[in-house]
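No lab work stands behind these numbers, since they all come straight from the coordinates. This one's a predicted model, so the numbers in the text were calculated from it and none came from an experiment. Positions of Cβ are backbone-derived with ideal geometry, glycine not excepted, and every protein chain shown enters the neighbour counts.
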Amino acid sequence: MRIQSLRVGIAGVLFMAAIAIAQTKQQRREPDVPYLPTTEPAVVAMLKLAGVKSTDIVYDLGCGDGRIVIAAAKDFGARGVGIDINPERIQEARANAKKAGVEDRVRFEEGDLFTADIHDATVVTLFLLTSVNQRLRPKLLADLKPGTRVVSNTFDMGDWKPDKEGEVEGAGDGAYFSRKLYLWTIPPRQQ
C-alpha cells in the first residue's frame, strides 16, 4: 500500500512539473525583433558615442551574442549586463564572455527587456526597431537615473529627439553599409 501511494505521489509530482514546464514555455514571448548582430564597427561607434568609461555599467537590451557588453568590458573597462529573451543567445553570450576573458565583468540574463531590472545602468544600448524603442521609452524614462545615456543603432525613438547623432560606415558580407546612431540622455525628473 505504501509503495503504491509513493508511486502515485511521485507520478503526481512529475505530472505537476510537466504542467509547470508547459505553462512556462507557453508564457515565453517571441522576440520583438529578429536576431541581427551589430557589426564590430557599429559596436565601437556606439560605445564611443555614449562616452563609455571604466566607471560605467552598460546594459544591452536584446543583447544577442553579447558582443556590445563584452566590448564595453574588454575595450573600455566597463561592467555590463546583457538581457535577451532567447535562451540560446544567452548561452552563446556567456560562452563568448568566457572566451574573451571578461566573465568576471559581465553577466547575461534571460528575460524580457520590458520587465527587466535596468535601474543600475549608466549606459543602455539598443538595436531594436523604432516601434520597439518607442514602446520601451516610458520604461527607460521611469527606471533610469537622470544622466544615463541611451544609444541606438539605426532606429530612433520617434518624436524624442536625440542629443547627438553619429554614423558608422563599413563593409560586410560583400556589401557596403552606412548606419545612423542615436544618443539620448535621460533628463532630470520633473518635480
Using 0.36 nm per residue of separation minus the Cα-Cα distance, give me the extension gain between S178 and D143 in nm, one decimal.
9.4 nm
Computed ³J(HN,Hα) along region 79-87: with the Karplus parameters 6.51/-1.76/1.60, θ = phi - 60°, integer Hz and x for glycine or proline, the list is 9, x, 9, x, 10, 8, 7, 8, x
About the Cα centre of region 40-185, what is the dipole size in debye to 20, counting +1 per Lys and Arg Cβ and -1 per Asp and Glu Cβ, all else neutral?
340 debye
Quick one: 3J(HN,Hα) in Hz for region 48-58, Karplus 6.51/-1.76/1.60 with θ = phi - 60°, rounded, Gly and Pro as x.
5, 4, 7, x, 4, 9, 5, 8, 7, 10, 9
Counting other Cβ atoms within 10 Å of each Cβ, which chymotrypsin sites (Phe, Trp or Tyr not before Pro) in region 38-115 have at most 10 and sit in a DSSP loop?
none
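Give the average over all directions of the projected area of the C-alpha convex hull of region 40-185, one decimal, in nm².
Value for region 40-185: 8.2 nm².
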What is region 46-87's relative contact order, in percent, from Cα pairs under 8 angstrom and six or more apart in sequence?
44 percent
With the crude spin-label approximation of a point 7 Å out along Cα→Cβ, what separation in nm comes out for E103 versus V44?
2.7 nm
What is the set of long-range amide H partners of L181 at a cut-off below 5 Å, with H atoms built 1.01 Å from backbone N?
T154, G166, E167, V168
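Cβ under 10 Å from P162's Cβ, P162 left aside: what net charge do those residues give with Lys, Arg +1 and Asp, Glu -1? Walk me through the intermediate numbers first.
Working: positive: K161, K164, K180; negative: D156, D163, E165.
Local net charge: 0.
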